[in-house]
Amino acid sequence: MQGNDSYQFRSGGILNSLFKYTEFDAYSHGQGPLDMQITPNGYGGNYFNAWNRTSHQEEGNLIYRFPGWQWLGKHQFETGGDLIYRTYSGTSQSRTILVTRQDGSLAEQLIYLCSAAGVCVFARQERENYRAGRGGHFQIARASAGQRFRQQSGASGHAV
């Protein structure tokens, strides 16, 4: 789902706004219930991650373009911001990996996050602001300058 709007003020400034909502569901089924084995002679078992995820993203964007002006050339200036919120949750069941030595004894056991609990929850939030300007001197030379600030939070997961 998406919506956007543009409004031009009497002064000549233009305000653009955008909102998006995206939902995405995905799944994959594993090969079987056996753990994967890595031996000096090769591989065995069923290593495949079985998972099911439900996710969504909300995004809002606002940009204001100031009216152009002329002073030693043509100039434009705009400012705006963006807010993105993403989250997904679901089940993840990675099979354990057993690494064995030549004599058959266990050398290492790899157990993945959410293998036991089965449910992982992740969230990420991003904020972004920017300002940009463009100008030129009598059609001889043009220059652009701007700055952008970005902040991210989240991106961590936990088992439930």
If TYR43 passes every condition in (1) within 30 Å of THR100 (Cα to Cα); (2) of a type in the set (Phe, Trp, Tyr); (3) surrounded by 14 or more Cβ atoms within 10 Å (Cβ to Cβ) but one, which one does it miss? (3)
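Taking the stated definitions as given, is GLN37 in contact with a Phe, Trp or Tyr (Cβ under 9 Å, 6 or more places away or on another chain), modelled with pLDDT of 80 or more and closer than 30 Å to ILE111 by Cα? Before the answer, list the steps.
Numbers: in contact with a Phe, Trp or Tyr (Cβ under 9 Å, 6 or more places away or on another chain): yes; modelled with pLDDT of 80 or more: yes; closer than 30 Å to ILE111 by Cα: yes.
For GLN37, the condition - in contact with a Phe, Trp or Tyr (Cβ under 9 Å, 6 or more places away or on another chain), modelled with pLDDT of 80 or more and closer than 30 Å to ILE111 by Cα - is met.
Within the stretch 1-22, how many residues turn out to be of a type in the set (D, E, K, R) and surrounded by 11 or more Cβ atoms within 10 Å (Cβ to Cβ)? Steps first, answer last, please.
The first filter runs over the stretch 1-22 and keeps only residues of a type in the set (D, E, K, R), leaving 5, 10, 20.
Narrowing the set further to residues that are surrounded by 11 or more Cβ atoms within 10 Å (Cβ to Cβ) leaves 20.
Summing the residues that are of a type in the set (D, E, K, R) and surrounded by 11 or more Cβ atoms within 10 Å (Cβ to Cβ) in the stretch 1-22 gives 1.
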Residue selected from the stretch 10-43 under the condition free of Cβ contacts under 8 Å to residues at least 12 places away in the same chain and in a loop (DSSP other than H, G, I, E, B), by the criterion farthest from the chain's Cα centre (by Cα): ASN41
Qualifying positions in the stretch 57-90 - among the charged types (D, E, K, R), in contact (Cβ under 8 Å) with a residue 40 or more places away in the chain and under 15 Å from ASN4 (Cβ atoms): GLU59, ARG65, ASP82
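Could you please give the count of residues in the stretch 91-115 that are part of a strand (DSSP E or B) and touching a residue at least 60 places away in the same chain (Cβ under 8 Å)? Break it down stepwise before answering.
Initial filter on the stretch 91-115 (part of a strand (DSSP E or B)): 91-93, 97-100, 106-110.
Filter again for touching a residue at least 60 places away in the same chain (Cβ under 8 Å), leaving 93, 97-100.
Residues meeting the conditions: 5.
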Of the numbered conditions (1) touching a Leu at 6+ places or on another chain (Cβ under 6 Å); (2) part of a strand (DSSP E or B), ASN46 satisfies every one except a single condition; which is it? (2)
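The values are calculated or read from the model by the stated rules, or taken from the named source; none is laboratory data. Just so it is clear, the structure is predicted and the values come from calculations on it, not from any experiment. We place every Cβ from the backbone using ideal geometry, glycine too, and count neighbours over all the protein chains shown.
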